[in-house]
Amino acid sequence: MFNRLLQLFKSKTPTPPQHETPTPAASGAEFTRLNQLAPVINQDMNPSADNDADSISTKAAHSSVVCREAVLNKAQKVAGYSFALSRNVNERVRSSSTLVQRLYDEVLLRNILNMDIQRLLGHRLAFIPILPSTLSHPLLAQLPPAGTVLVVNSLEQLLTDAEASLARLTELKKAGFHIALQGNIHATGMQPFLELAEFIFIDIGGSDLPTITGQINEINKNMFDKQLVATNVRSLEEYHVCASLPFLYIQGTFVTSREAWTKPSMDAGRIKILELLNRIRQDAENAELVQALKLDPALSFKILRYINSAGSGITTKISTIDQALMVLGRQNLYRWLTLLLFTSGTGDALDWALMENALVRARLAELSAGDTLPAKERDELFVTGIFSLLDILLHLPMEQVLAQISLPPMAVEALLHKTGKYAPYLELAIACEAFDQERITEIATQLGIDVAHVNAYHADALIWAEQVSS
C-alpha cells in the first residue's frame, strides 16, 4: 500500500467526460414526467415536447450525477458499488410509462459510460439496476461485460413477453454480463429466469428476522448456487444480522451509520498516532518526530516495510526512520498516519470499508477544489474529508475527536458547523453518497463546477481510493 500512497497522493485533474453518441430517447413530455419523479436535469434547461429526443437525453446525462453505494463481501471489504441517479425512486419510476422507465435507465447508463466504468471496475463489481424495458437498449453493448452485474427489477415486466425477455437475458449472459434479479421472484413463470440469474437481491428494509430467513429458505429450496445480496441495510444491527445469514454481499448505508456507541474505539495505538499528527501540525523538528516513531517499534516497522516494498520506486534500501522521514516528507507522512488511524489497533472489521469511504470523500472534495483553492488549502481539505468520518471510527462525538487533534480553523468550521471555505466541497462529496441530486446541483452551481465534472471527479476518487486501500 505504501508505494501507492507515494504515487497516488499527488493530485491529478481528470479529463472532462466525453459524451457518447446519443441514442433515441423519450419525448420532452415524457422527460418532464421523469424529471418530476426523479430530477435529473436543471430547471433552466427547460425540456419541452419540441426538443430533439437525442438532445434531451444528452442534456440529462450532462446535468445529473451518478451516486454510489458500497457493496461489501463476507470479508467485510468493498467488493463493488451499486450505481444509481437517486435513492428510492424506483417505485415511482416503475409506475410510470415504459418510455419514462427507459429514459431513466438511459440517463444512468450514459452517465456511467461517461465516467469510464472500465477504469472504475478493476477487480470490483459494478451493480447497475435496470428495468426489463432496457434489456434491448443499445447502450448496454457499450458496457464492459466482465464485472458488470445487471440488476433487473420490476420482474413482473419480464413475464409480459417471457420468451423474448429470457432470450435477451441469455444473450447478455453469454456476452459476459452477470445477471441479478430483484423483486417478486416467486411469481408464476419466474423459474427460467431464476435458473439464469447468478445473484438474487433481497431487500431487508423493514423486514424482521423470520421474514428474511423465510425468503432465504424459499430460495435455497430449489436453487443452491445463487449468490444472495442483502440490500437496503441501514444500521449496524441490521448488518450484523445479515452477516450471520448466508448473504455473500451486503449493501446499504450502514458503513457510515451514526448510532448509539457503547464505548469509544480509542486504543493505545490510535492515541499514539494522534499524538504524532499533533506534533507534525505543531511543526515539531524532524528529530523529535523520529524519536517519537522510534518509541513505537510496530509503527516504525510498518514505515520501513512499506517504504522498502517492491514497486515503491526506491532503489536504495531504507534502513532507518531518519531516512524514511526524509524520503516521505512531512505532508505525506501526515496523510499516511491519518489512514493508519483506520487500520491500526483493535478496531472493527468494517474500518477498512469506512476508510475507503473516507478516501473517496476526501479525494472528491480535493479534486473539486482543484481550480479554486491553492495547493496547501486543497491538502487541508483532503484531511478534512478524512477526518469527517473519524467520529464513526472512534465512536466519539466530533467535538471530542477534534479536542484531541490540532486541525486548521477552516477544517474545524467545516467539520463542526458546516461553514467556511471548505464546507461546500465536503458537502458536495457527502451529497454524492446521499443520492441527493438537487443538493449536488445546488452546491456545484455555488462553486462554479460543471455538474458533468462532478461525475469525472467522483470516478477518479473511486479509482484512487481503491488503489490506495487495496
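Quick notes
- Violating pairs (Cα-Cα greater than 29 angstrom) within the set Lys302/Lys376; Lys74/Lys317; Lys226/Lys302; Lys77/Lys294; Lys74/Lys174; Lys77/Lys302: Lys74/Lys317; Lys226/Lys302; Lys77/Lys294
- On full extension, the segment bounded by Arg330 and Asn278 gains 17.5 nm, given 0.36 nm per residue less the C-alpha separation.
- Structural descriptor for segment 268-328: relative contact order 28 percent, calculated from alpha carbon pairs under 8 angstrom and at least 6 residues apart.
- Environment charge at Pro397 (Cβ cut-off 10 Å; Lys +1, Arg +1, Asp -1, Glu -1): -1
- Per-residue 3J(HN,Hα) values for segment 242-248, derived from phi via the Karplus relation 6.51 cos²θ - 1.76 cosθ + 1.60 with θ = phi - 60°, read 5, 5, 8, 9, x, 8, 7 Hz in sequence order (x marks Gly and Pro).
- Each residue, Lys221 and Leu209, gets one label point 7 Å from its Cα in the Cβ direction; the gap between the two is 2.3 nm.
- Under Karplus coefficients 6.51, -1.76 and 1.60, residue-wise ³J(HN,Hα) of segment 423-439 in Hz, glycine/proline x: 4, x, 5, 5, 5, 5, 5, 5, 4, 5, 7, 8, 6, 9, 4, 5, 5
- Nonlocal amide H pairs with Val233, under 5 Å, H built at 1.01 Å: Gln251, Gly252, Thr253
- Check: segment 121-206 dipole with +1 on Lys, Arg Cβ and -1 on Asp, Glu Cβ, in debye: 300 debye
- Listed values for segment 65-77 are Karplus-derived 3J(HN,Hα) couplings in whole Hz (6.51 cos²θ - 1.76 cosθ + 1.60, θ = phi - 60°), namely 10, 6, 9, 9, 9, 5, 10, 9, 9, 4, 7, 6, 10, and x replaces Gly and Pro.
- Under a 5 Å amide H cut-off, with hydrogens placed 1.01 Å from N, Leu125 pairs with Gly80, Tyr81 among residues at least 5 apart or on other chains.
- Of the peptides 423-430, 72-79, 129-136, the order by per-residue mean of other Cβ atoms within 10 Å, starting with the highest, comes out as 423-430, 129-136, 72-79.
- Reducing segment 195-246 and segment 312-344 to their Cα centroids gives an inter-centroid distance of 43 Å.
- Applying the Kirkwood pairwise sum to the alpha-carbon positions of segment 268-328 produces a hydrodynamic radius of 12.2 angstrom.
- Peptide packing for 276-289, 144-157, 451-464, 371-384 was compared via the average number of neighbouring C-beta atoms within 10 Å per residue; ordered from the highest value, the list is 451-464, 144-157, 371-384, 276-289.
- At full extension, Glu288 and Thr315 could sit 7.0 nm farther apart than now, given 0.36 nm per residue minus the alpha carbon distance.
- Point-to-point label distance, Gln467-Glu399, nm (Cα→Cβ direction, 7 Å offset): 4.1 nm
Every number in this text was worked out from the coordinates using simple rules, so none of it is lab data. Only a predicted model underlies this, so the values are computations on that prediction, with no experimental measurement involved. Reconstructed Cβ throughout: ideal geometry from the backbone, glycine too, with neighbour counts over all protein chains shown.
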